[in-house]
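Right, one structure below, let's go through it.
Read-outs: derived from the displayed coordinates by stated rules, not from any lab. All figures in this text were calculated on a predicted structure; none of them were measured in a lab. With ideal geometry, Cβ positions are generated from the backbone for all residues, glycine too; neighbour counts draw on all protein chains shown.
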Amino acid sequence: MKKTALSDRILREVEKPARYIGKEINSVEKDPEQVDIRFAMCFPDVYEIGMSHLGIQIIYEQLNRLPYVWCERVYSPWPDLHRIMKEQRIPLFALESQEMVKGFDFLGITLQYELCYANILQILDLSGIPLHAKDRGEEDPIVLGGGPCAYNPEPLADFFDFFYIGESETVMEEVVRLRRDMKKAGRSRAEYLRELSHIPGMYVPSLYEVSYREDQTLAAFSPRYPDVPARVKRQVCMNLSEAPYPEKPLVPYIKVTQDRVVLEIQRGCIRGCRFCQAGMIYRPLREKSLDTLKKEAERMLEASGHEEISLSSLSSSDYSQLPELLDYLIKNFRSQSINISLPSLRIDNFSLEVMKQVQDVKKSSLTFAPEAGTQRLRDVINKGLAEEEILAGAGAAFRGGWNKVKLYFMLGLPTETKEDRKGIAHLAQGICDAYYEIPKKDRNGKCEITVSTSFFVPKPFTPFQWAPMYREGMYLDRAKEVKEEIRAMKNQKSIRYIWHDAKGTVLEGVLARGDRRLGPVIEYAYRHGALFDAWTDYFNMDIWMEAFAAAGVDHEFYTLRERDTEELLPWDFIDIGVSRRFMEREWERAREGVVTPNCREMCRGCGSRSFGGGVCFEERDDKGHSVNAWKSPELSTLPEREEDEA
Amino acid sequence: MKVRMKMAKTGPIRYVGHLDFMRSFQKALRRSGIRAAFSRGFSPHMLISFASPLGVGLESVGEYVDVELAYRDPFPLDPVEEQRLESIGLKNEDLPPAPSSGELCRMINRELPEGVRVFSMKRVGQMKEKAMALVRGADYLVFLEDGFLAEADLTEAVLSLLAETSIVIHKVTPKSESDVDIRPLIYDLGVMEDGFCAREERFLSFDPEGFSRSLFMSLSAGSAANLKPETLMAALCRKLGKEFDPCALRILRLEMYAEASKAMSELGEAF
């Protein structure tokens, strides 16, 4: 039996030691002597979060299919183990081999949210890898980053050798193969990175230089050498049905957030909500074929032994063959006592009928995400969900026996007024009214409405990337307004209100749209104790405020001002395939409160068509509508309902 | 058909706590192709019951779990048993015949994580008491890290502890605090001679080097009165006037017993 990297004594001391032992079912073991490339793939948060991430499982599958690569996993040691590893100078190890990360060829770090940036430095620090890319030697791993936050990699530019802009299914193999070949040929780290910059989508920050104006905005951003591309183009996988997918998913021993089979049914979204980064950076919508999904669902359930399968996508209702897929899942897996979980379904008669078959109506709640309290503001954000639809959906749900509804909103959206905030309470009350309109004998007790608000953070590559943010106090005032208005409602006792912390919002906002000058801030914060900032219990804004002061950075420069569309933005060198002109037009339309139709209603020429596939090439009728344009599926397409006597 | 499995849990998986281990075991059962029975309703679950939760970090070669399988019970069922099966939507004569217990062991062992192994499987009647309710006692080997209690005369400490008529410990749980006399819960306690230790070595995932001394404990176990080996070690340390260090122990559960010192594995019928 392989030894664990941590001694028995340490494993007995720390919380949830099973986070660190590896050996999960379907984890991949290889003989280190038989591979040329050792790849450590890291999610810089705790095991339970990292293990729930689909992207890493895809990369794990993809890389381990290559005979010359062994890809292993790394997660952030929890603060209790962090302290022990620092004190006893224990180097960070990968789970499978339990060997030091420092000896690997690559350390890949997924960048899923800004509040994990301090954890990235923890990973480097515990591994014994110099924090700054420029200080790394030939023996150190090449450190790469990818994922949503890589679409503005600049705050992290000092710490990464390169960023991978786009989907792993495209050029990842080329990236590792090049390393293998150059390593064999005895070429240096610098030579590799220079060569790598010629692979489309690869951004090597050290090969670019940046200058700033007196007003602190970016003056210029340009490659240092003529052979290095000035723009980095996002790499997109156009045939997801043929792409590697983890047919043998890792099965963790301890309960993780996503303890089920995750079936990605499509990538991208047609909706074009103006606040949503995912809706832009994953364009165009690409569906997986029904046959592929059937095969994958079956294999993954068989290989994992999971008791639940969940559909994953940004908007599952938009999958053109949803009724057929659900019919297949219900017919094949309900009889095997497998739960089917259907997040991100639009609530209508069809989805309610489906949900009735797969969940307990009395216990489950339905979720709506109106995001804004009034129709005016919903038009501004281009959330194509009308009040009538929400009320009709809720009414249908209540008549179907549900009595719990969750509503998600954002506060601090561009152009938001008092009326919009009060509108949140009014919409919640409207839903209560829909409930109490039902005759008492048909109701299932009281209704329970949960209103949850988070604070809006403008993200790069969205039409709101130019929008201003607010100070912490103003966010809390807004939440208070909502709270007071809810308390003034007739059925206020049926409405629960939850709001998110505002401190993290401000930091997230700074890091999301920051530039290279934030590097020293992140480093200072980590060195002074910042860790697990995404965890309310561990987040300490004071450390960050001290870090801004120490680095001489005015954090409000990044949050409070409205950016001019003329301004050169730190992430403008990345070409995501959606044009800046489209974003500017959308920003303009937002402020005019004009809705933009979704990709299936009408093509608005965002630029994604250049990828040559997906929704952009679906068949259109004479009005320009896609033949797959969304309409509530016929109820008759549903499988027969099994009567359950229990 | 309800079966009782005896199994081992050794190696790094000892760091997986009881609830997580149960879930992993169920996933292994699903992968194995063995037909388990499920409860009815929207979130069906396996009908499964572990005899006694094993603490995080402890290893065992004597774990027991009862599982309801969707195979025909080869033994005649009485009406009450039939009714119980019906309540989970099954009818004995409609169920497929069960593979042999050896075959079932092979099927599950192919899917169990490293360090977990099912030794045997026996059929237990439908209405028989659950494994958990049967457990009365358990045997343990407790290995001491070499630096721990290094100068102490363990044999003498054990003898003088056993000579006491009552050993009162203060027990604090999240819900209550109380004084408990653990003396009646100790059936046997002794310092191991090297021989025994070596004999059990094959079960251990660790290098017993560095753990040259060990104690054998036979303790009351089960829902009525459970004494943890760590608790007894703490009492022994108190006797010696030494500080107790729970991280200096490696504990191996050897066996669990039902009434009248009958090993749990002796209950039930072979199939």
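For A:Q235, nonlocal amide neighbours, meaning residues 5 or more places apart or on other chains whose placed amide H falls under 5 Å from its own, are A:G166, A:E167.
Select from B:S39, B:V124, B:M256 the residue farthest towards the positive end of the dipole of chain B; place +1 on Cβ of Lys and Arg, -1 on Cβ of Asp and Glu, and compute about the Cα centre. Farthest along the dipole direction, towards plus: B:S39.
Summarised as an ellipsoid, region B:2-134 has semi-axes of 26, 15, 14 Å, derived from the eigenvalues of the Cα gyration tensor scaled by 5 and square-rooted, with the largest first. Normalised by the number of residues in chain A, the average gap of Cα pairs under 8 Å and 6 or more apart makes the relative contact order 14 percent.
Dividing the summed -39500 (n - 2.57) terms of all DSSP H runs of n ≥ 4 by the residue count of chain B sets its mean residue ellipticity at 222 nm at -7000 deg cm²/dmol. Which whole number in µm²/s is D for region A:32-120 by Stokes-Einstein, with the Kirkwood Rh taken over Cα pairs at 37 °C and 0.692 mPa s? My calculation gives 241 µm²/s for D. Expressed as a fraction of 2.2 N^0.38 Å, the C-alpha radius of gyration for region B:130-172 is 1.66. In sequence order, region A:529-536 has phi-based couplings of x, 5, 6, 6, 5, 6, 9, 3 Hz under the Karplus curve 6.51 cos²θ - 1.76 cosθ + 1.60, θ = phi - 60°, and Gly or Pro positions carry x.
Note on region A:112-145 and region A:462-537: Cα centroid distance 26 Å, given to the nearest whole angstrom. Phi angles across region B:157-167 convert, under the Karplus curve 6.51 cos²θ - 1.76 cosθ + 1.60 with θ = phi - 60°, into 3J(HN,Hα) values of 4, 5, 4, 6, 5, 5, 6, 6, 8, 8, 10 Hz, Gly and Pro given as x. Normalising the average separation of contacting C-alpha pairs (under 8 angstrom, six or more residues apart) by the number of residues puts the relative contact order of region B:137-260 at 44 percent. If you take the Cα Rg of region A:510-565 and divide it by 2.2 N^0.38 Å, with N the number of residues, what do you get? So region A:510-565 has a normalised radius of gyration of 1.17.
The residue list B:V142, B:I88, B:H170 was ranked by how far each Cα lies along the charge dipole of region B:30-177 toward its positive end, using unit charges on Cβ atoms, and B:I88 comes out on top. On a per residue basis, the convex hull of the C-alpha atoms belonging to region A:360-500 measures out at 109 Å³. Counting only Cα atoms, the size of region A:447-541 along its three principal axes is 52, 33, 22 Å, in decreasing order.
For A:E448, the residues whose amide H sits under 5 Å from its own are A:K404, A:V405, ignoring neighbours fewer than 5 places away on the same chain, with H placed 1.01 Å from N. Express the relative contact order of region B:2-134 as a whole percentage, based on alpha carbon pairs under 8 Å and six or more residues apart in sequence. Relative contact order of region B:2-134: 41 percent. Applied to region A:325-342, the Karplus parametrisation 6.51 cos²θ - 1.76 cosθ + 1.60 on θ = phi - 60° returns per-residue 3J(HN,Hα) values of 5, 5, 4, 5, 4, 5, 4, 8, 10, 4, 5, 8, 6, 9, 6, 10, 10, 10 Hz, with x for Gly and Pro. In terms of its Cα atoms, region A:29-84 spans 36, 26, 13 Å along the principal axes, sorted from long to short.
Average 1/r across all pairs of distinct alpha carbons in chain B, invert it, and you get the Kirkwood radius: 20.2 Å.
With all pairs of separate Cα atoms included, region A:101-234 yields a Kirkwood hydrodynamic radius of 15.4 Å.
A Cβ-based charge dipole, computed about the Cα centre of region B:84-141 with Lys and Arg at +1 and Asp and Glu at -1, lands at about 180 debye. Ordering A:A190, B:L58, B:A221 by the projection of their Cα atoms onto the charge dipole of the protein assembly as shown, which places +1 on the Cβ of Lys and Arg and -1 on the Cβ of Asp and Glu, puts B:A221 at the extreme positive end. One Cα centroid belongs to region B:217-271, the other to region A:67-103; the line between them spans 35 Å.
Within the straight-line cut-off of under 19 Å between alpha carbons, the lysines reachable from B:K175 are B:K228, sequence neighbours fewer than 8 places apart in one chain being disregarded.
As a rough footprinting exposure proxy, the listed residues B:T10, B:T165, A:T110 were ranked by other beta carbons within 10 Å of their own, and the order from fewest upward is B:T165, B:T10, A:T110. Distance distribution P(r), the protein assembly as shown, all Cα-Cα pairs, bin width 20 angstrom from 0: 12, 39, 36, 12, 0 percent. The Cα center of region B:130-191 and the Cα center of region A:245-278 differ in position by 49 Å.
Relative to the dominant Cα principal axis of chain A, helix A:503-512 is inclined by about 60°.
Evaluated at 25 °C with a viscosity of 0.890 mPa s, what Stokes-Einstein diffusion coefficient in µm²/s does region B:137-260 have when Rh comes from the Kirkwood expression over alpha-carbon pairs? Translational D for this selection: 161 µm²/s.
Between B:P53, B:P79, B:P246, the Gaussian network model of chain B with springs among Cα atoms under 10 angstrom shows the greatest mean-square fluctuation at B:P79. When each of A:D45, A:D215, A:D622, B:D20 is scored by the number of other beta-carbon atoms lying within 10 Å, the sequence from fewest to most is A:D622, A:D215, B:D20, A:D45. For chain A, the longest principal axis of the Cα atoms and the long axis of helix A:418-436 meet at an angle of about 50 degrees. Bridging of B:K2 to lysines at a Cα separation below 21 Å is possible for B:K27, B:K91, B:K122, B:K128, B:K130, B:K262, once same-chain residues fewer than 8 apart are set aside. Calculated from the alpha-carbon coordinates, region A:480-630 shows an Rg and a Dmax of 21.8, 62 Å respectively. Taking the C-alpha atoms only, the angle from helix A:54-64 to the longest principal axis of chain A is near 40 degrees. Rounded to the nearest 20, the size of the Cβ-charge dipole of region A:329-375 about its Cα centre is 240 debye, with Lys and Arg at +1 and Asp and Glu at -1. Beta bridges assigned by DSSP with both partners in the protein assembly as shown are antiparallel in approximately 55 percent of cases. Here region A:360-500 is treated with +1 on each Lys and Arg Cβ and -1 on each Asp and Glu Cβ, and its dipole about the Cα centre works out to around 580 debye.
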